[in-house]
1. Out of (1) out of contact with any Leu (no Cβ under 8 Å at 6 or more places or on another chain); (2) assigned to a loop (DSSP other than H, G, I, E, B); (3) touching a residue at least 60 places away in the same chain (Cβ under 8 Å); (4) more than 18 Å from ILE307 (Cα to Cα), the odd one out for ALA352 is which?
2. Among the residues of segment 450-459, is there at least one that is surrounded by 17 or more Cβ atoms within 10 Å (Cβ to Cβ), in a helix (DSSP H, G or I) and either in contact with a strand residue (DSSP E or B) (Cβ under 9 Å, 6 or more places away or on another chain) or modelled with pLDDT of 80 or more (or both)?
3. For SER296, state whether it is touching a Phe, Trp or Tyr at 6+ places or on another chain (Cβ under 8 Å) and touching a residue at least 24 places away in the same chain (Cβ under 8 Å).
4. Can you report the number of residues in segment 375-401 which are over 17 Å from ARG425 (Cα atoms), within 16 Å of the chain's Cα centre (by Cα) and free of Cβ contacts under 8 Å to residues at least 60 places away in the same chain?
5. Tell me yes or no: at least one residue of segment 331-354 is within 17 Å of MET520 (Cβ to Cβ) and either hydrophobic (A, V, I, L, M, F, W, C) or crowded, with 22+ Cβ neighbours inside 10 Å (or both).
6. Pick out, from segment 462-541, the helices (runs of 4 or more DSSP H) lying fully within it that include 3 or more residues that are modelled with pLDDT of 60 or more and either of a type in the set (Val, Ile, Thr) or buried (at least 21 other Cβ atoms within 10 Å of the Cβ) (or both).
7. Could you tell me whether any residue of segment 543-561 is in the same structural domain as LEU431 (by TED's automatic domain parsing), within 22 Å of the chain's Cα centre (by Cα) and modelled with pLDDT of 65 or more?
Amino acid sequence: MTATSPRAADTAPDAPEEHGDYTHAQILTILSGLLLGMFLAALDQSIVSTSIRTIADDLQGLSAQAWVTTAYLITSTITTPIYGKLGDLYGRKKLFLFAITLFIIGSAACSFATSMWNLAALRAVQGLGAGGLFTLVLAIIGDIVSPRERAKYTGYFMAVFATSSVLGPVAGGLFAGQDTIFGVTGWRWVFLINVPIGIAALFVVTRNLHLHHVRREARIDWRGATSLVVALVPLLTVAEQGREWGWTSGRSLAAYAVGLVGIAAFLLAERRMGDDALIPLRIFRLRAAAVVIGASVIVGAAMFGAITVLPQYMQIVHGASPTEAGLMMLPMVLGMMSAGIVTGQITSRTGAIRIFPIVGSGMAGLAMIALSFVSADTSLLWVMGGMVFLGLGLGQCMQPLTIIVQNAVPPREIGVATSSATFFRQLGGTLGVAIFLSLLFSTLGENIQKAFRAAGPELERAASDGRIPQGRVDEQVLSALQDPSQGSGVFGQVQDDSSIIGRMSDLVAHPFQVGFADSMSLVLLGGGVVMLLAFAILTLLPAVELRSTSASAAARAENRADNAPAAGGSHRADTPVDGASGPGGGRHVAG
């Protein structure tokens, strides 16, 4: 790597003074723009998933529905570490503005899609921008606020997730349910709504975000980026499509093989590039960073995978609409938000942070296991009570893990650390969704048939007593009682389109609800066990001493020391001194 050269790339005349401290008011002003950018990405995930079936029906491409999600997932995941590395090298403000602009362009283009394949390609463009939104927001906060004070602002991030989790399904259901809005097809507003929000974010960030950045010259890790694409494209594709292809089909096996070759090439490229690598391998030698990254994969798998079934449970078992199911998730979201705020306040006042992800992962694991005992006849109040405790556990994991990994690395590499943790959490989430949904649907047919056989005598008596209204769907189900060979057709229809259950009478629908609840319980039990594994890994976290200076101020101090005339030798900028607690944390100050 060549020598560093100081350059305040993102500074402005009204930027903070040289020591890099921002007032609370300045931080809140900057946060307003950052959170708008984060809100864009968080809202898009929930609003599109709610309306995707309506979009597929309108564009006559139901079979290609999964590719719309897969294309976005691939590009947003691959670009996450790239944004992190480039932000460390060239500054984050312009990169953040670029990511928002690209996301706006992709969103606007998606609203003009004429087919599902066209929409999938445009969603890939949108994902190129989305990959930088979460990563750069968290890294920028690391630049302007010290780790100890950073926890105090956790509540704002939780509020964004809470708002998007509730507003997304509501807005998605509203837009998808309208034929036209102002002369434009209703579902196209799912993407158009991002445009004004993105423009507002651009304005606020341009006006209020002023960062001191020390420019570093370094080699660009093109080999690492290329091999990462080769590794992730086939693996993410098979994760999304494997249930349809078959996990041991020829296409899946070919994807595994190409992915493994890409992983091997990526590791070789990163080793060759050393400090200039996209994800420097030496950060895994820092115990705190290695533990957090390993736990992030598992937390992501359990959180995204197991929680995916809860909205489906609300819709299928309790007959909620997609909008109502989104509102029913509010107890979990409020639990996450409350835990995040309390955790942040305690950390800011005491400096204690290590205990929270340990307790949170344990609490979330036990809550998932408790929820696995939920049945088709369980009161909704009991379910929501379990969701509150699940949210309280997850709220102690998300931001503290990010702060710990940012604190574990030298200040000038905060972007790499943030993007690495986010990247591996996304990978874990993708794998978790694939594995747990595969578990759900692989057991669903058998569980429905088992519940169907148990309810058979009661259904026959109800039919003979005239307690079951005559309808086409009910007649199909009842005929399966007499001729089991017809049952597979009914069960297959329900797995493809669960809305059929809503057209059945209560007695006939109940066995289907029992079967789904049994499969969902298995998924939540698996998620709970996986989360307890994360708890075991997090107990390996070393003692964490949070830095009391922001990353930008510490990086400028390192740069001044690196460029000052050395008296009797020099020290590496990333050497932990002055009371540092070793690889797990402490202050990293240039000698």
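The values are calculated or read from the model by the stated rules, or taken from the named source; none is laboratory data. Quantities reported herein were computed from a predicted structural model and do not represent experimental measurements. Please note: Cβ atoms are built from the backbone with ideal geometry, for glycine as well, and neighbour counts cover all protein chains shown.
1. In the conditions (1) out of contact with any Leu (no Cβ under 8 Å at 6 or more places or on another chain); (2) assigned to a loop (DSSP other than H, G, I, E, B); (3) touching a residue at least 60 places away in the same chain (Cβ under 8 Å); (4) more than 18 Å from ILE307 (Cα to Cα), ALA352 misses (3) alone.
2. Filtering segment 450-459 for residues surrounded by 17 or more Cβ atoms within 10 Å (Cβ to Cβ) gives 451-452, 455, 459.
Those still in the list that are in a helix (DSSP H, G or I) too: 451-452, 455, 459.
Okay, now just the ones that are also either in contact with a strand residue (DSSP E or B) (Cβ under 9 Å, 6 or more places away or on another chain) or modelled with pLDDT of 80 or more (or both), so 451.
Yes, some residue in segment 450-459 is surrounded by 17 or more Cβ atoms within 10 Å (Cβ to Cβ), in a helix (DSSP H, G or I) and either in contact with a strand residue (DSSP E or B) (Cβ under 9 Å, 6 or more places away or on another chain) or modelled with pLDDT of 80 or more (or both).
3. Working: touching a Phe, Trp or Tyr at 6+ places or on another chain (Cβ under 8 Å): yes; touching a residue at least 24 places away in the same chain (Cβ under 8 Å): yes.
When the stated conditions are applied, SER296 passes them.
4. To start, the set of residues in segment 375-401 that are over 17 Å from ARG425 (Cα atoms) comprises 375-392.
Next, from what is left, pick out any that are within 16 Å of the chain's Cα centre (by Cα): 391.
Among the residues that remain, those that are also free of Cβ contacts under 8 Å to residues at least 60 places away in the same chain are: none.
Counting residues in segment 375-401 that are over 17 Å from ARG425 (Cα atoms), within 16 Å of the chain's Cα centre (by Cα) and free of Cβ contacts under 8 Å to residues at least 60 places away in the same chain gives 0.
5. yes
6. Working: elements: 472-482, 487-496, 506-538.
Hits in segment 462-541: 506-538.
7. The answer is no, given that none of the residues of segment 543-561 is in the same structural domain as LEU431 (by TED's automatic domain parsing), within 22 Å of the chain's Cα centre (by Cα) and modelled with pLDDT of 65 or more.
One line per residue, one yes/no per condition, for (1) of a type in the set (S, T, N, Q); (2) more than 18 Å from the chain's Cα centre (by Cα); (3) part of a helix (DSSP H, G or I):
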{"residue": "GLY300", "(1), (2), (3)": "no, no, yes"}
{"residue": "GLY305", "(1), (2), (3)": "no, no, yes"}
{"residue": "PRO311", "(1), (2), (3)": "no, no, yes"}
{"residue": "ALA320", "(1), (2), (3)": "no, yes, no"}
{"residue": "GLU324", "(1), (2), (3)": "no, yes, yes"}
{"residue": "LEU327", "(1), (2), (3)": "no, yes, yes"}
{"residue": "LEU334", "(1), (2), (3)": "no, no, yes"}
{"residue": "GLY340", "(1), (2), (3)": "no, no, yes"}
